[in-house]
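Notes follow the structure.
The values are calculated or read from the model by the stated rules, or taken from the named source; none is laboratory data. Just so we're clear, the structure is a prediction, and the values are computed from it rather than from any experiment. Note that we place each Cβ from the backbone using ideal geometry, even for glycine, and neighbour counts take in every protein chain shown.
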Amino acid sequence: MTANNVILQVEDIVMQFGGLRAIDNVSFHVDEAEIFGLIGPNGAGKTTLFNVITANYKPTSGSVTLAGKSIKGLKPNQVVNAGIARTFQNIRLFNSMTVLENVMVGLDHASRYSLLEAALHIGRYFPAERAARAKAMELLEYIGIAEHANLQATNLSYGNQRKVEIARALATGPQLLLLDEPAAGMNPKETEDLAGLIFRMRKDYQLSVLLIEHDMPFVNALCERVMVLEYGKPLFSGLMSEAIQHPEVISAYLGEVRYA
C-alpha cells in the first residue's frame with residue numbers, strides 16, 4: 001500500500017479529560033473508497049474519536065491527516081471544507097426547515113454571494129439559491145426521498161430522517177464521510193436499504209466511509225477492515241472476518257452473535 005491510497009491517517013491520538021483518558025494512543029488509517037468500521041462497547045471512545053477527527057475536540061496529543069494534509073488548527077467548519085462530513089448518533093435536523101432546506105444547508109459552504117447580497121436579496125443571491133435548490137433536489141432524488149422534499153424534516157420516519165442527514169452531509173462534497181450509528185433505530189428493511197445506499201455512494205462518489213455501528217451483521221456486510229476499541233484503547237485492528245473470530249473481541253463485545 002502506498003501513502004497515495006490513504007485518505008485518513010490517525011496517529012497516536014490521546015484525548016484526555018482531566019484524569020480520564022478517553023482515547024489512549026489510537027492509530028489507524030482509512031483508504032480511498034474504503035468502508036472502515038469503528039466498533040466497541042458503549043463508552044469505548046468511538047464518538048470521542050469522531051469529535052477529534054472533525055476538530056470538535058483538540059486532541060491531547062497525536063495527529064490527524066486528510067489526504068496527507070494535517071487538520072491541526074482547523075475549526076470544525078474548515079474541516080468540512082477540507083473534505084470531511086459527518087452524521088450524528090442523535091439525528092440533528094433543523095426542526096423548522098423542510099427536507100429540502102435541511103439539505104441546502106450543506107451547500108452553504110459553496111455560496112458565492114456576500115452577506116449584504118443575502119440580506120437584501122440582490123446580486124448573486126437568487127441565482128445561487130436556485131442552483132443550491134436544484135443541487136439539493138438532485139441529492140434527494142439520489143438518496144431516494146425526493147417526494148418528501150417539501151415536508152418538515154422532523155415529520156419523516158426515523159429511517160428517512162437519517163437519509164436527510166446523509167444527503168446534507170453529501171451536499172458538502174466530502175472525500176470522507178463519518179457515520180455515527182446510522183442504522184440505529186431502523187427496521188431490517190431500512191437497514192438493508194441503508195447498506196445498499198452506502199455501497200452506492202462509495203462507488204458513485206469515490207467516497208471513503210468511517211462507520212460507527214453496534215449492528216454487527218450490518219458492519220460485517222459493509223466493512224472489510226475494522227478497529228475495535230475498549231475503554232479508549234485499541235483491542236483489535238484488522239479484517240472483520242478475523243475480528244468476529246478473535247477471542248478477546250468476542251469476550252469484550254460480540255458475545256454469542258453468529259455470522260453467516
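When region 27-44 is examined, which residues are found to be at negative phi, part of a loop (DSSP other than H, G, I, E, B) and crowded, with 19+ Cβ neighbours inside 10 Å?
Glu34, Ala44
Scan region 12-26 and give yes if some residue there is part of a strand (DSSP E or B), touching an Asp or Glu at 6+ places or on another chain (Cβ under 7 Å) and either surrounded by fewer than 14 Cβ atoms within 10 Å (Cβ to Cβ) or modelled with pLDDT of 95 or more (or both), otherwise no.
Yes, region 12-26 has at least one match.
Restrict the check to region 65-81 and report whether at least one residue is among the hydrophobic types (A, V, I, L, M, F, W, C), at negative phi, part of a loop (DSSP other than H, G, I, E, B) and not assigned by TED's automatic domain parsing to the domain that holds Thr154. Walk me through it before giving the result.
So the first thing to find is which residues in region 65-81 are among the hydrophobic types (A, V, I, L, M, F, W, C), and the list is 66-67, 71, 74, 79-80.
Then drop every residue that is not at negative phi, which leaves 66, 71, 74, 79-80.
Add one more test, that the residue is part of a loop (DSSP other than H, G, I, E, B), and what stays is 71, 74.
Among the residues that remain, those that are also not assigned by TED's automatic domain parsing to the domain that holds Thr154 are: 71, 74.
So far as region 65-81 goes, yes, one or more of its residues are among the hydrophobic types (A, V, I, L, M, F, W, C), at negative phi, part of a loop (DSSP other than H, G, I, E, B) and not assigned by TED's automatic domain parsing to the domain that holds Thr154.
Among the candidates Glu190, Glu213, which residue alone is in contact with a Pro (Cβ under 8 Å, 6 or more places away or on another chain) and either acidic (Asp, Glu) or without any contact (Cβ under 8 Å) to a residue 24 or more places away in the chain (or both)?
Glu213
Go through region 34-77 and give me each residue that's under 30 Å from Ser241 (Cβ atoms) and of a type in the set (Val, Ile, Thr). First the steps, then the outcome.
Start the filter on region 34-77 by keeping residues that are under 30 Å from Ser241 (Cβ atoms), which leaves 34-54, 62-68.
Result: Ile35, Ile39, Thr47, Thr48, Val52, Ile53, Thr54, Val64, Thr65.
Taking region 63-89, which residues are over 16 Å from the mean Cα position of the chain (by Cα), surrounded by 14 or more Cβ atoms within 10 Å (Cβ to Cβ) and without any contact (Cβ under 8 Å) to a residue 40 or more places away in the chain?
Result: Ile71, Leu74.
With Ile212, Ile250 as the choices, which residue is buried (at least 17 other Cβ atoms within 10 Å of the Cβ) and assigned by TED's automatic domain parsing to the domain that holds Leu178?
Just one listed residue meets the conditions, Ile212.
Select from region 230-253 the residues that are part of a strand (DSSP E or B) and touching a residue at least 40 places away in the same chain (Cβ under 8 Å) and list them in ascending order.
If the condition is that a residue be part of a strand (DSSP E or B) and touching a residue at least 40 places away in the same chain (Cβ under 8 Å), then Glu230, Lys233, Pro234, Leu235, Ser237 are the ones that fit.
Here are Met186, Met201, Met227: which of them is buried (at least 18 other Cβ atoms within 10 Å of the Cβ) and part of a loop (DSSP other than H, G, I, E, B)?
So the residue among Met186, Met201, Met227 that is buried (at least 18 other Cβ atoms within 10 Å of the Cβ) and part of a loop (DSSP other than H, G, I, E, B) is Met186.
Among the numbered conditions (1) polar (S, T, N, Q); (2) in contact with a strand residue (DSSP E or B) (Cβ under 9 Å, 6 or more places away or on another chain); (3) in a loop (DSSP other than H, G, I, E, B), tell me where Thr47 comes up short.
(3)
In the list Leu210, Leu194, which residue meets the criterion of being under 15 Å from the mean Cα position of the chain (by Cα) and assigned to a helix (DSSP H, G or I)?
Being under 15 Å from the mean Cα position of the chain (by Cα) and assigned to a helix (DSSP H, G or I) holds for just one of Leu210, Leu194, which is Leu194.
Yes or no: Ala167 crowded, with 19+ Cβ neighbours inside 10 Å and free of Cβ contacts under 8 Å to residues at least 40 places away in the same chain?
no
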